[in-house]
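The values are calculated or read from the model by the stated rules, or taken from the named source; none is laboratory data. Nothing here was measured: the structure is a model prediction, and the numbers come from that model. Methodologically, a virtual Cβ is constructed for each residue, glycine included, from the backbone with ideal geometry; neighbour enumeration extends over all protein chains shown. Quick note on the areas: whole protein, heavy atoms, side chains included, nothing else; ligands and nucleic acids left out. Shrake-Rupley method; radii C 1.70, N 1.55, O 1.52, S 1.80 Å.
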Amino acid sequence: MSEPTTSPRRRDDESPVAGGRREVRLIAGWTTTAAASLFAAFWQDGIPKDLLGVILTVLGWFTDQAVPFKVDPLGIVIRLLVLVSAVFLGYRTLRYQRRSRGDCERCGIPATPRDLRRAARIAAVASIPAIAGYAALKLHWAFGGDLGVADTAAFADVDLVTPGYLDTVLLSVVGIGLVAAMIRRWRLPRWSLVAAAFVGLAMLLPVSLLGIAYNVIMLFDPPENPLLAPWAGWFVYLSFGTWAVCLLIVTLDYLAATARPCRCCGRTRYARIAA
(Lines give C-alpha, C1' and ligand atoms only; values in the text may rest on other atoms or scores of the structure.)
Protein backbone atom coordinates (compact mmCIF):
# COMPACT_ATOMS: atom_id res chain seq x y z
CA MET A 1 0.00 0.00 0.00
CA SER A 2 1.46 3.31 -1.02
CA GLU A 3 2.05 5.96 1.62
CA PRO A 4 -0.25 8.98 1.50
CA THR A 5 1.35 11.90 -0.30
CA THR A 6 -0.73 14.63 1.31
CA SER A 7 1.04 16.83 3.82
CA PRO A 8 -0.37 17.68 7.28
CA ARG A 9 -3.14 20.24 7.05
CA ARG A 10 -2.29 23.79 8.09
CA ARG A 11 -3.30 27.32 7.20
CA ASP A 12 -0.93 29.69 5.45
CA ASP A 13 -0.74 32.03 8.43
CA GLU A 14 0.26 29.10 10.67
CA SER A 15 3.36 27.99 8.76
CA PRO A 16 6.61 27.33 10.63
CA VAL A 17 7.57 30.98 10.02
CA ALA A 18 4.28 32.50 11.15
CA GLY A 19 5.99 35.18 13.24
CA GLY A 20 5.34 36.63 16.67
CA ARG A 21 1.64 35.74 16.80
CA ARG A 22 2.51 32.08 17.14
CA GLU A 23 4.66 32.62 20.22
CA VAL A 24 2.04 34.82 21.88
CA ARG A 25 -0.71 32.28 21.29
CA LEU A 26 1.42 29.39 22.52
CA ILE A 27 2.54 31.23 25.66
CA ALA A 28 -1.05 32.22 26.48
CA GLY A 29 -2.39 28.74 25.81
CA TRP A 30 0.24 26.81 27.77
CA THR A 31 0.27 29.31 30.65
CA THR A 32 -3.49 29.05 31.09
CA THR A 33 -3.34 25.27 30.81
CA ALA A 34 -0.59 25.08 33.44
CA ALA A 35 -2.45 27.42 35.81
CA ALA A 36 -5.67 25.39 35.56
CA SER A 37 -3.75 22.13 36.01
CA LEU A 38 -1.98 23.43 39.11
CA PHE A 39 -5.29 24.60 40.56
CA ALA A 40 -6.82 21.16 40.05
CA ALA A 41 -3.69 19.45 41.40
CA PHE A 42 -3.20 21.50 44.55
CA TRP A 43 -6.40 23.35 45.54
CA GLN A 44 -7.55 21.88 48.88
CA ASP A 45 -5.02 19.03 48.49
CA GLY A 46 -6.10 18.47 44.89
CA ILE A 47 -6.71 15.56 42.55
CA PRO A 48 -4.02 13.26 44.09
CA LYS A 49 -5.87 13.27 47.42
CA ASP A 50 -9.16 12.66 45.61
CA LEU A 51 -7.71 9.61 43.86
CA LEU A 52 -6.17 8.37 47.10
CA GLY A 53 -9.52 8.81 48.86
CA VAL A 54 -11.28 6.71 46.22
CA ILE A 55 -8.61 3.98 46.41
CA LEU A 56 -8.65 3.90 50.22
CA THR A 57 -12.45 3.80 50.22
CA VAL A 58 -12.43 0.72 47.98
CA LEU A 59 -9.70 -0.92 50.06
CA GLY A 60 -11.69 -0.10 53.19
CA TRP A 61 -14.49 -2.34 51.98
CA PHE A 62 -12.13 -5.29 52.44
CA THR A 63 -10.11 -4.17 55.47
CA ASP A 64 -12.76 -2.30 57.53
CA GLN A 65 -10.37 0.66 57.75
CA ALA A 66 -11.87 4.15 57.49
CA VAL A 67 -10.37 6.79 55.17
CA PRO A 68 -8.09 8.89 57.44
CA PHE A 69 -9.33 12.20 55.99
CA LYS A 70 -12.61 13.77 54.92
CA VAL A 71 -13.64 13.33 51.28
CA ASP A 72 -15.04 16.53 49.73
CA PRO A 73 -17.54 15.65 46.94
CA LEU A 74 -18.12 19.27 45.85
CA GLY A 75 -14.38 19.92 45.73
CA ILE A 76 -13.89 16.78 43.65
CA VAL A 77 -16.48 17.99 41.11
CA ILE A 78 -14.89 21.46 40.88
CA ARG A 79 -11.39 20.06 40.49
CA LEU A 80 -12.54 17.60 37.84
CA LEU A 81 -14.27 20.37 35.85
CA VAL A 82 -11.14 22.53 36.00
CA LEU A 83 -8.99 19.55 35.03
CA VAL A 84 -11.23 18.73 32.05
CA SER A 85 -11.04 22.38 30.94
CA ALA A 86 -7.25 22.30 31.25
CA VAL A 87 -7.05 19.10 29.19
CA PHE A 88 -9.27 20.58 26.45
CA LEU A 89 -7.29 23.84 26.29
CA GLY A 90 -4.00 21.94 26.31
CA TYR A 91 -5.26 19.72 23.48
CA ARG A 92 -6.25 22.72 21.36
CA THR A 93 -2.94 24.46 22.08
CA LEU A 94 -1.00 21.32 21.19
CA ARG A 95 -2.80 20.98 17.86
CA TYR A 96 -2.06 24.61 17.04
CA GLN A 97 1.61 24.17 17.98
CA ARG A 98 1.94 21.15 15.74
CA ARG A 99 0.11 22.78 12.83
CA SER A 100 2.14 25.98 13.05
CA ARG A 101 5.51 24.22 12.81
CA GLY A 102 4.56 21.87 9.99
CA ASP A 103 4.05 18.64 11.93
CA CYS A 104 0.99 16.48 11.51
CA GLU A 105 -1.82 18.17 13.42
CA ARG A 106 -3.43 14.92 14.46
CA CYS A 107 -0.43 12.86 15.62
CA GLY A 108 2.37 15.42 15.86
CA ILE A 109 4.87 13.21 14.03
CA PRO A 110 7.54 15.22 12.21
CA ALA A 111 9.25 14.08 9.04
CA THR A 112 12.04 12.52 11.19
CA PRO A 113 10.44 11.09 14.38
CA ARG A 114 12.36 10.86 17.65
CA ASP A 115 12.98 7.29 18.84
CA LEU A 116 12.40 6.89 22.60
CA ARG A 117 13.06 3.17 22.89
CA ARG A 118 16.55 3.45 24.40
CA ALA A 119 15.47 6.21 26.81
CA ALA A 120 12.44 4.14 27.85
CA ARG A 121 14.57 1.09 28.65
CA ILE A 122 16.89 3.20 30.80
CA ALA A 123 13.88 4.80 32.53
CA ALA A 124 12.33 1.41 33.23
CA VAL A 125 15.49 0.18 34.96
CA ALA A 126 15.90 3.46 36.87
CA SER A 127 12.32 3.32 38.15
CA ILE A 128 12.78 0.01 39.97
CA PRO A 129 15.10 1.25 42.77
CA ALA A 130 12.85 4.27 43.33
CA ILE A 131 9.68 2.18 43.58
CA ALA A 132 11.23 -0.68 45.55
CA GLY A 133 13.03 1.65 47.96
CA TYR A 134 9.85 3.52 48.81
CA ALA A 135 7.90 0.26 49.26
CA ALA A 136 10.64 -1.20 51.47
CA LEU A 137 10.63 1.85 53.73
CA LYS A 138 6.85 1.66 54.08
CA LEU A 139 7.02 -2.03 54.98
CA HIS A 140 9.75 -1.27 57.51
CA TRP A 141 7.49 1.27 59.23
CA ALA A 142 4.47 -1.05 59.04
CA PHE A 143 6.41 -3.75 60.92
CA GLY A 144 7.40 -1.35 63.67
CA GLY A 145 10.72 -0.05 62.38
CA ASP A 146 11.82 3.48 63.17
CA LEU A 147 14.39 4.15 60.43
CA GLY A 148 13.99 7.77 59.41
CA VAL A 149 11.28 8.38 62.01
CA ALA A 150 11.65 11.49 64.17
CA ASP A 151 8.41 11.15 66.16
CA THR A 152 8.13 7.48 67.15
CA ALA A 153 4.91 8.11 69.10
CA ALA A 154 3.12 9.04 65.88
CA PHE A 155 3.96 5.59 64.46
CA ALA A 156 3.05 3.61 67.58
CA ASP A 157 -0.28 2.33 66.21
CA VAL A 158 0.90 1.72 62.64
CA ASP A 159 0.55 -1.80 61.21
CA LEU A 160 0.11 -3.42 57.82
CA VAL A 161 -3.60 -2.61 57.47
CA THR A 162 -3.18 1.04 58.42
CA PRO A 163 -4.17 3.17 55.39
CA GLY A 164 -1.10 4.34 53.54
CA TYR A 165 1.12 1.32 54.23
CA LEU A 166 0.24 -2.10 52.81
CA ASP A 167 -2.05 -0.47 50.23
CA THR A 168 0.76 1.78 48.95
CA VAL A 169 3.13 -1.20 48.87
CA LEU A 170 0.62 -3.06 46.69
CA LEU A 171 0.34 0.00 44.44
CA SER A 172 4.14 -0.01 44.17
CA VAL A 173 4.04 -3.63 43.01
CA VAL A 174 1.40 -2.67 40.46
CA GLY A 175 3.67 0.19 39.35
CA ILE A 176 6.57 -2.18 38.66
CA GLY A 177 4.24 -4.50 36.77
CA LEU A 178 2.88 -1.57 34.74
CA VAL A 179 6.36 -0.44 33.70
CA ALA A 180 7.31 -4.03 32.80
CA ALA A 181 4.12 -4.51 30.79
CA MET A 182 4.73 -1.40 28.70
CA ILE A 183 8.46 -1.83 28.18
CA ARG A 184 8.13 -5.54 27.32
CA ARG A 185 5.03 -4.93 25.19
CA TRP A 186 2.82 -7.43 26.97
CA ARG A 187 -0.24 -8.24 24.92
CA LEU A 188 -2.73 -6.59 27.24
CA PRO A 189 -5.47 -4.15 26.23
CA ARG A 190 -3.70 -0.93 25.30
CA TRP A 191 -6.32 1.26 26.96
CA SER A 192 -5.87 -0.51 30.32
CA LEU A 193 -2.13 0.15 30.49
CA VAL A 194 -2.48 3.72 29.28
CA ALA A 195 -5.28 4.47 31.75
CA ALA A 196 -3.28 3.00 34.64
CA ALA A 197 -0.23 5.03 33.62
CA PHE A 198 -2.24 8.27 33.47
CA VAL A 199 -3.75 7.61 36.91
CA GLY A 200 -0.27 6.95 38.29
CA LEU A 201 1.11 10.14 36.75
CA ALA A 202 -1.85 12.16 38.08
CA MET A 203 -0.95 10.99 41.59
CA LEU A 204 2.85 11.00 41.41
CA LEU A 205 3.65 14.26 39.63
CA PRO A 206 1.73 16.69 41.90
CA VAL A 207 2.66 14.84 45.11
CA SER A 208 6.36 14.75 44.23
CA LEU A 209 6.46 18.43 43.25
CA LEU A 210 4.58 19.49 46.37
CA GLY A 211 6.71 17.26 48.62
CA ILE A 212 10.00 18.49 47.18
CA ALA A 213 8.85 22.10 47.53
CA TYR A 214 7.90 21.43 51.16
CA ASN A 215 11.32 19.91 51.83
CA VAL A 216 13.00 22.99 50.37
CA ILE A 217 10.91 25.21 52.65
CA MET A 218 11.89 23.10 55.67
CA LEU A 219 15.56 23.73 54.89
CA PHE A 220 15.02 27.39 55.77
CA ASP A 221 12.25 26.98 58.36
CA PRO A 222 12.63 23.61 60.13
CA PRO A 223 9.55 22.47 62.10
CA GLU A 224 9.86 22.12 65.87
CA ASN A 225 8.46 18.58 66.03
CA PRO A 226 9.03 16.89 62.66
CA LEU A 227 7.37 13.59 61.92
CA LEU A 228 10.27 12.26 59.83
CA ALA A 229 14.00 12.83 59.69
CA PRO A 230 14.91 15.29 56.89
CA TRP A 231 16.60 12.61 54.79
CA ALA A 232 13.49 10.42 54.91
CA GLY A 233 11.31 13.20 53.53
CA TRP A 234 13.75 13.78 50.69
CA PHE A 235 13.99 10.04 50.03
CA VAL A 236 10.22 9.58 49.77
CA TYR A 237 9.49 12.54 47.49
CA LEU A 238 12.56 12.13 45.30
CA SER A 239 11.49 8.50 44.86
CA PHE A 240 8.06 9.75 43.79
CA GLY A 241 9.65 12.24 41.38
CA THR A 242 11.97 9.66 39.86
CA TRP A 243 9.10 7.20 39.52
CA ALA A 244 6.93 9.86 37.84
CA VAL A 245 9.57 10.92 35.29
CA CYS A 246 10.46 7.32 34.42
CA LEU A 247 6.80 6.33 34.09
CA LEU A 248 6.20 9.33 31.79
CA ILE A 249 9.06 8.34 29.46
CA VAL A 250 7.98 4.68 29.37
CA THR A 251 4.37 5.69 28.70
CA LEU A 252 5.31 7.99 25.80
CA ASP A 253 7.42 5.20 24.30
CA TYR A 254 4.60 2.68 24.70
CA LEU A 255 2.07 5.04 23.12
CA ALA A 256 4.36 5.53 20.13
CA ALA A 257 5.18 1.82 19.72
CA THR A 258 1.56 0.66 19.88
CA ALA A 259 -0.06 3.43 17.84
CA ARG A 260 -1.55 2.71 14.45
CA PRO A 261 -0.25 4.67 11.47
CA CYS A 262 -1.78 8.14 11.46
CA ARG A 263 -4.91 8.36 9.29
CA CYS A 264 -4.01 11.94 8.41
CA CYS A 265 -0.36 11.70 7.33
CA GLY A 266 0.28 7.95 7.22
CA ARG A 267 3.42 8.23 9.36
CA THR A 268 4.45 5.98 12.26
CA ARG A 269 6.90 7.00 15.00
CA TYR A 270 8.80 3.74 14.56
CA ALA A 271 8.08 0.11 13.77
CA ARG A 272 4.93 -1.07 15.50
CA ILE A 273 5.85 -3.73 18.06
CA ALA A 274 2.68 -4.64 19.96
CA ALA A 275 -0.80 -5.51 18.82
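Taking segment 140-172 as the range and being over 22 Å from TRP231 (Cβ atoms) and touching a residue at least 40 places away in the same chain (Cβ under 8 Å) as the test, the residues that pass are VAL161, THR162, PRO163, ASP167, LEU171.
Among the residues of segment 55-70, those that are assigned to a loop (DSSP other than H, G, I, E, B) and either modelled with pLDDT of 70 or more or among the charged types (D, E, K, R) (or both) comprise ASP64, LYS70. Only a single criterion out of (1) under 23 Å from ALA257 (Cα atoms); (2) modelled with pLDDT of 75 or more; (3) touching a Pro at 6+ places or on another chain (Cβ under 8 Å); (4) open to solvent by 40 Å² or more (accessible area, probe 1.4 Å) is not satisfied by ARG106, namely (2). The numbered conditions (1) open to solvent by less than 30 Å² (accessible area, probe 1.4 Å); (2) farther than 26 Å from ALA124 by Cβ are all true for ILE217 except (1).
Within segment 144-164, being open to solvent by 30 Å² or more (accessible area, probe 1.4 Å) and either in a loop (DSSP other than H, G, I, E, B) or basic (Lys, Arg) (or both) holds for GLY144, ASP146, LEU147, ALA150, ASP151, ALA156, ASP157, ASP159, LEU160, VAL161, THR162, PRO163. Among the residues of segment 111-139, those that are assigned to a helix (DSSP H, G or I) and open to solvent by 70 Å² or more (accessible area, probe 1.4 Å) comprise ARG117, ARG118, ARG121, ILE122, VAL125, ILE128, PRO129.
Can you name every residue in segment 220-236 that is in a helix (DSSP H, G or I), closer than 23 Å to ALA153 by Cβ and either open to solvent by 70 Å² or more (accessible area, probe 1.4 Å) or aromatic (Phe, Trp, Tyr) (or both)? It would help to see each step written out before you state the result.
Keep residues of segment 220-236 that are in a helix (DSSP H, G or I), which gives 220, 230-236.
Applying the additional criterion that residues be closer than 23 Å to ALA153 by Cβ yields 230-236.
Hits for segment 220-236 are PRO230, TRP231, TRP234, PHE235.
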